[in-house]
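Working notes for the structure below.
Throughout, read-outs are computed from the coordinates displayed, never taken from laboratory work. Remember, predicted model here, so these are calculated numbers, not experimental data. Note: ideal-geometry Cβ built from the backbone for every residue, glycine included; neighbour counts use all protein chains shown.
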């Protein structure tokens, strides 16, 4: 193998699995260390800069970081990264003075954001401090978009939304709430320098099966119903409720039903339990509230009597692997099953909908009726119009919307300054030794043996009585500290300096996870098979040194390195050093515009 | 030196042996030796060897004297019996322990100071008596704990860290062990575990006195140009006579070699030493020619390593003394204290 080029920022970035997996590339280990240190304000600000909604995301994020977490590869469960973020948000002091402000002198450019959800608010936050005049339109009376309308209050209290949305609206935005945009053409005629479409994926999919029309009064589209609950237009549901669908919206629907009078609530899903789209922890939370999840049942008809819903009939299916190796669901032939109920909630998907974008304005749409959007710049084929969040590439989640918003803001800023939107700014990267003394590092390298701590919950009896009572109590400071100590500090990198190495094997002998091997070089797949411990996780890189004195090379498998620094402590010549890799994404308005 | 305990987390794919232990189960406390010390590599080799041999940790006794090397038993086999004796007195303590309980596996760990200076006599007599043990000398040619004076195994002409040449003749422990009748003699290098681990395994399965001289560079005081025990010097002058695979009785012997290139030596316990010849005409079963060869190569400035001599049929001290086959701790009071009449009978037989 060729020697690894550690000068290339992606190499060490990938080693920080959580940060690499995060769409916004939040420096996770850095803020976790600050939480352990009790520096909640600093931890919050790192998050705020990167992901804009720390308190909201600390309760609701889809956490792509956690399945990526290295701790999950050396023991069963990853660090509770998401809930640690909440610890920073819950325990911070007043951070108002640390927030940016809009400059008194504007730059003369006007930007319109359609929708006041996470993508639009991120664009607004990034652009307003640069002097842009940002106008945000939303049909709802309050900002937040789906954060406010679709996430139940028992998961996310309204005060948290008000606070974090308020930090952004406080930047001198022009908030045009209660104004739904019905025509992009008309908006463009108002002469904005750029328009950002962050209108989400607002249409819940319907289920056209027999009985749908007749029983319509008791069949509800999940996201609309959740929104009605959030805005207090709906405050009760029947005693027996069936939720159709296996995603996170289904989980929110069933748990909300339990709080609005639903006593016998079930989730019924076409697919198997494992294949459900809902996150594992959301399924767990639903089951914890006494909600059964029934699988492999396909809805066939709504039964009704006298215009009133009486239940749903299902066909039983089973997974079968066909000739091409594809998995399909085929009927088992068993008799259909009927479940009685008073109400049905449909949570079988949602989609984008752009009836308000006139086709004649020249924007290109694909054959599914979605606007053609560049995946890197978020620019549509109409140069001054940008998309982001669910509106860009279909339903994802808040953290993706934030990441899109940052990128779109960079594009809008470049576009408004007459520069090429394809010239993306490079991230800011630093790599610095953490050595403080012979056995002293600037980070706590003693690896905690604790297993993942559970977030304390409110008593179930109390929680199920009120839809506005938050279920999770969050980690307190002590638990937050203990959980933070589980973080392996993957951003503190093992950096190898080949000329200093005397090949004494001290690092090989001390490494608790057998990462390091000195051996003859070879082709990657062959090399992977003959290391101290075979390197079977192919997605994890091998760090290969140039040839050493004995003509061997040092090979380090990054896979399960604990970043404990013992290799560096044991190295007699300082050939190993622990160096902190810090990568910050460059946001709109940076002076460094070349990559 | 490290202050932190080694994290308990280990590689998820770490294999287990026949006893269900993984390699980490054979570790001891964290080493407090200097960073990069060759001794730590030998400890790692012992851990690996015991793991691969499926040795039950509670059946091993590790004994040592005083010095950097004699500290190392604290850093491996944390669940085994240990005895840290007076300086240079490990061989007599080991001999006594062996006589009392012949069922344990005895591992003596010593250094060049402990075995070639203050304990030279003890070393010589334990070898001479064929005590069934593995005697490892971690040989760095320097008094590391007292900051770098020449030891008795420093080669004549080897330079100290300050550049002063040694004027005394070195004691070659391997030659002494051969002369005194050790039935397994080997030399290896801490920086070459591929060679060291099979040798350790062969020695641990050997019935009789097995002696291994392991050259182990002292990174703090004896790893500079001019030293003959530095990593660079040993790597440049290392001449292995053979490479060893130890085949346990449970394993199948695969004939994957050209006739005449490999020698198979079956030991007392049924294990087979598969010695692949590297030096032409070297015969590890011939004590006299081994001694001659060593002297010749040494004169040429080479460090001869590998299995230098092995006698698979050697007897041990218990056989020579015709002792009871039962460890003393398993004998009843009647056997251990036979009474005045028995003593009188012995005395009478000696009159």
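Numbers at a glance
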quantity	calculated
Distance histogram in 10 Å bins (all Cα pairs of chain A, percent per bin)	3, 15, 23, 23, 20, 11, 4, 1, 0
Contour minus Cα-Cα distance for residue A:239 and residue A:275 (0.36 nm per residue)	10.1 nm
Peptide-level mean, for B:264-275, of C-beta atoms on other protein chains within 10 Å	0
Sites residue A:366 and residue A:548, calculated FRET efficiency, Cβ-Cβ separation with R0 45 Å, nearest 0.05	0.25
Label point distance in nm, residue A:330-residue A:183, each placed 7 Å from Cα along Cα→Cβ	5.5
Length released on extending from residue B:101 to residue B:331, taking residue separation times 0.36 nm less the Cα-Cα span	81.7 nm
Cα centroid separation, region B:63-101 to region A:43-90 (Å)	51
Estimated inter-spin distance, residue A:10 and residue A:375, nm [label 7 Å along Cα→Cβ]	1.3
Rounded to whole Å, sorted largest first: equivalent-ellipsoid semi-axes of region A:97-187, Cα gyration tensor	22, 18, 8
Cα shape, region B:1-115, gyration tensor, a/c 1.5 rule	oblate
Cα gyration tensor shape of region B:139-196, rounded if a/c is under 1.5, else prolate or oblate by comparing a/b with b/c	oblate
Other protein chain Cβ atoms within 10 Å, averaged over every residue that makes up A:509-516	6
Highest-fluctuation residue, B:306, B:163, B:144 considered, GNM on chain B with Cα pairs under 10 Å	B:163
Ranked by how many other beta carbons lie within 10 Å on average, peptides A:444-457, A:470-483 from highest	A:470-483, A:444-457
C-alpha center-to-center spacing [region A:263-330, region B:4-24] in angstrom	43
Estimated Rh, region A:492-584: Kirkwood, alpha-carbon pairs, angstrom	13.4
Most to least packed among B:185-193, A:152-160 [average Cβ atoms within 10 Å]	B:185-193, A:152-160
Residue-span extension gain [residue A:104 to residue A:190] - 0.36 nm each, minus C-alpha spacing	28.6 nm
Mean Cβ neighbour count within 10 Å, used as a protection proxy, ranking A:341-351, A:576-586 highest first	A:341-351, A:576-586
Cα extents of region B:23-321 along the three principal axes, largest first (Å)	52, 42, 38
Estimated inter-spin distance, residue A:37 and residue A:462, nm [label 7 Å along Cα→Cβ]	3.5
Region A:204-348, relative contact order in percent, only Cα pairs under 8 angstrom and at least six apart counted	32
Choice from B:100, B:334, B:152 showing the highest fluctuation, given a GNM over chain B with Cα pairs closer than 10 Å	B:334
Cβ-Cβ FRET estimate between residue B:262 and residue B:289, R0 fixed at 25 Å, reported to 0.05	0.85
Taking B:246, A:464 and counting other C-beta atoms within 10 Å, the order from fewest to most	A:464, B:246
FRET efficiency estimate (nearest 0.05) - Cβ-Cβ, residue B:89 to residue B:296, R0 35 angstrom	0.50
Calculated [θ] (222 nm, deg cm²/dmol) that DSSP helices of n ≥ 4 give over chain A, each run adding -39,500 (n - 2.57)	-7500 deg cm²/dmol
Region A:204-348 shape via C-alpha gyration tensor axes, a/c threshold 1.5	oblate
